[in-house]
1. Net charge near Ser87, counting Lys/Arg +1 and Asp/Glu -1 over other residues with Cβ under 13 Å of its Cβ?
2. Given the chain, what percent of its DSSP beta bridges are antiparallel, to the nearest 5?
3. What FRET efficiency would be calculated for the residue pair Thr90, Ser15, taking the C-beta separation as r and a Förster radius of 30 Å, to the nearest 0.05?
4. Can you pull out the trypsin sites (Lys or Arg not before Pro) in region 110-154 that DSSP calls coil and that have at most 13 other Cβ atoms within 10 Å?
5. For the chain, set up a GNM with springs between Cα atoms under 10 Å and report which of Asn155, Asn33, Asn124 has the largest fluctuation.
6. Can you tally the net charge around Ile29? Count Lys and Arg as +1, Asp and Glu as -1, for every other residue whose Cβ sits under 14 Å from the Cβ of Ile29.
7. Which entry in [x] 1.06; [y] 1.92; [z] 0.93 is this structure's computed Cα Rg over 2.2 N^0.38 Å?
8. Connecting C-alpha atoms closer than 10 Å in a GNM of the chain, tell me which of Ser105, Ser55, Ser123 has the biggest fluctuation.
Amino acid sequence: MALPDYFKAKVDYSSAFVWGPSGATGGSITVTNAMNLDALASASARQGVYADLGSGEYYDEWVLWAMVETGTSPTAGAGIDIYLAWSPFTGTFPGRAAGTDSSYSASRDNLDYVTSIRAEAVSNTVIQGIPTLVRPKGRYVCPVLYNGSGQAIRNQTTDSDNLSRIILMPKQALIAD
């Protein structure tokens, strides 16, 4: 048997889970799971509706990419932290996450810390985090975003106009000959 010439990665954008304000389609990124980040105050956290990665077999690697739309200029270098709560069941998540679009006030110590978006001192713009590789620890996942930017996330007149998103895309390793 010949060894493969190389491995390559395939990210499946069409199967992505996208958290953001319900019904939002801005920036050509349509929301699939509600998580209303519009006007989220500084030093506050919000959780999103859980996603089902699939029964039986599901991808063993995912790419998480997050972006936040600023309002008033945040504190440069301050962090907007992204966590994930994993579970084999829909109603039981660690850290008292509920898997619903709601505020989150429990300790984040029992959540899976994934990444931070470092704020830039620029108002009314979208800042993006570095895509991060994630390995699932359960069939169901619920994101939690903690806003430590020093300012509220942008407050749009219509919530669904807010461009803040958390995107989880499946990644597959392919063998190429």
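1. Details: positive: Arg96, Lys137, Arg139; negative: Asp52, Asp112.
The answer is +1.
2. Numbers: 46 of 48 bridges.
Of the beta bridges lying entirely in the chain, close to 95 percent run antiparallel.
3. Details: r = 19 Å, r/R0 = 0.65.
Calculated value: 0.95.
4. Numbers: sites: Arg118, Lys137, Arg139, Arg154; in loops: Lys137, Arg139, Arg154.
Qualifying residues, ordered by number: Lys137.
5. The residue with the greatest mean-square fluctuation here is Asn124.
6. Working: positive: Arg165; negative: Glu69, Asp161.
It works out to a net charge of -1.
7. [x]
8. Ser55
Laboratory data are not the source of any read-out in this text; all were calculated from the coordinates shown. Since we're looking at a predicted model, the values are computed, not measured. Virtual Cβ from ideal backbone geometry, glycine too; neighbours counted across all protein chains shown.
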